[in-house]
Every structure is written in structure tokens, then in C-alpha cells.
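What follows is one structure encoded as C-alpha cells, with my remarks underneath.
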Amino acid sequence: MTTSSPPPVRPRPDSARPRKRSRVRTVVPLAVAAWAVLEIWLMTVVAGATNGFVVLLSILAGFVLGAAAVKRAGRSAWRNLAASVQQPGAEQGPEPAPAGGGRTGLHMLGGILLIIPGFLSDAVGLLLIFPPTRKVVGALADRGAARALRHRPEPEPGSLGDLYQQAREAEEQARIHRPDGKVIPGEVVDRDHH
């Protein structure tokens, strides 16, 4: 039997150093685990105060209510899509106000949270289904997204973000505005440049 010594360890150059793990990749799994533990604890507390049958009925009721909310939000989204893709020659009347104050995505998220077993997720889901609180949550989310976009650094030249930004600017420049206020998407072709 022969033994050999392990190869010498060479120091890595700076470019090969392992990158630090982002805060989001660290915090999100911990938050999900804490949320699951809290949900289980709440279920055991409610089961101890009442009985297991009440917990089972509340989970089933949350599932049924959540499925109905997701179905309603999906139908509303489909109607909105169908209305926005009407035939070009068709006359469009005034756009109807969305049922429940809009925010179909938040309505659907509320339904999904109701489907997930647990009392905390049900409470948040009910807040998102109820139109006045959904409107408040949506306004807060809009403000947070606007703040995040304001503080976003410029994309690096040649990156995917830079390409996306250039495409958006080109699309905005290519739109033709008609006198009646309608916007016609178009494309400018420069035939002099080959």
C-alpha cells in the first residue's frame, strides 16, 4: 500500500473567491420556516381551546373560500384581458370600473393564502380579499415599488437590464399619437442605413 500526500493548496485569485450570500437568500428561508412553525403552533392552540374538528372545519372553509376567490379573480382578469384586446374597429365605451376596486393580483394572492392551511395565512388572505384593505395594501405596495425603482442603480452597459431599457425607450419613441388621443404602436424603418 502506498500513500501519497494531498496536493498543495493554492490560494485562489480574487475573482475565484466565493461570493457572499445575499441577504434575501438568507432571510427568506428563515422567515418561511418561522411562519410554518407559527402556523402549526396556532393550530395546536386553537385545537387545545376547542377541538381538532373545529380546526379541520376552519381549514376546509378556508380552502373553499380561497378557491372561490381565486376563481373570481381569474374571471375578472380574463374579462379585463378580453376587453383590452377587443377588435380594432369595434367602438369602445367607457371602461367599466373593476369589481372590488381592482387589484386582481392581490385578490388572487388573498385566495391562495386562504387555500394554504393555517390561521395566520387565512387572516392575511382575508385582508387581501376585502376591497378596502386590498386598496390600502395595493397603495402601500405601489409606493414601495416606486421607491425601490427610484433608488435602483443604472444598468451596466451591455447587460440584460441595459438591453431591456433600450428596448423600452425605442418602443416609446416608435408610438404614433393620433389627434383623437389613440396610440398606434409602430416601427420606424430607416431605409438609408444598410
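The values are calculated or read from the model by the stated rules, or taken from the named source; none is laboratory data. Treat the numbers as computed from the prediction; the structure is a model and nothing was measured. Note: ideal-geometry Cβ built from the backbone for every residue, glycine included; neighbour counts use all protein chains shown. These accessible areas exclude ligands, DNA and RNA; they are computed on the full protein's heavy atoms, side chains included. Shrake-Rupley method; radii C 1.70, N 1.55, O 1.52, S 1.80 Å.
The table below gives the values:
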| quantity | calculated |
| --- | --- |
| The stretch 124-170: number of residues that are charged (D, E, K, R), within 15 Å of the chain's Cα centre (by Cα) and closer than 22 Å to Leu114 by Cα | 1 |
| Test for Arg25: is it of a type in the set (D, E, K, R), modelled with pLDDT under 80 and over 27 Å from Phe130 (Cα atoms) | no |
| Check on Ala69, open to solvent by less than 50 Å² (accessible area, probe 1.4 Å), modelled with pLDDT of 90 or more and closer than 30 Å to Ala33 by Cβ | yes |
| Among (1) acidic (Asp, Glu); (2) closer than 30 Å to Val64 by Cβ; (3) at pLDDT below 75 - the single one Glu171 does not satisfy | (2) |
| Qualifying residue in the stretch 87-107 (condition: among the hydrophobic types (A, V, I, L, M, F, W, C), open to solvent by 80 Å² or more (accessible area, probe 1.4 Å) and either assigned to a helix (DSSP H, G or I) or modelled with pLDDT of 90 or more (or both)) | no |
| All positions within the stretch 113-123 that are assigned to a loop (DSSP other than H, G, I, E, B) and either within 18 Å of the chain's Cα centre (by Cα) or within 11 Å of Gly66 (Cα to Cα) (or both) | Ile116, Pro117 |
| Those residues of the stretch 124-165 which are open to solvent by 100 Å² or more (accessible area, probe 1.4 Å), part of a helix (DSSP H, G or I) and not hydrophobic (A, V, I, L, M, F, W, C), in sequence order | Lys135, Arg143, Arg147, Arg150, Tyr164 |
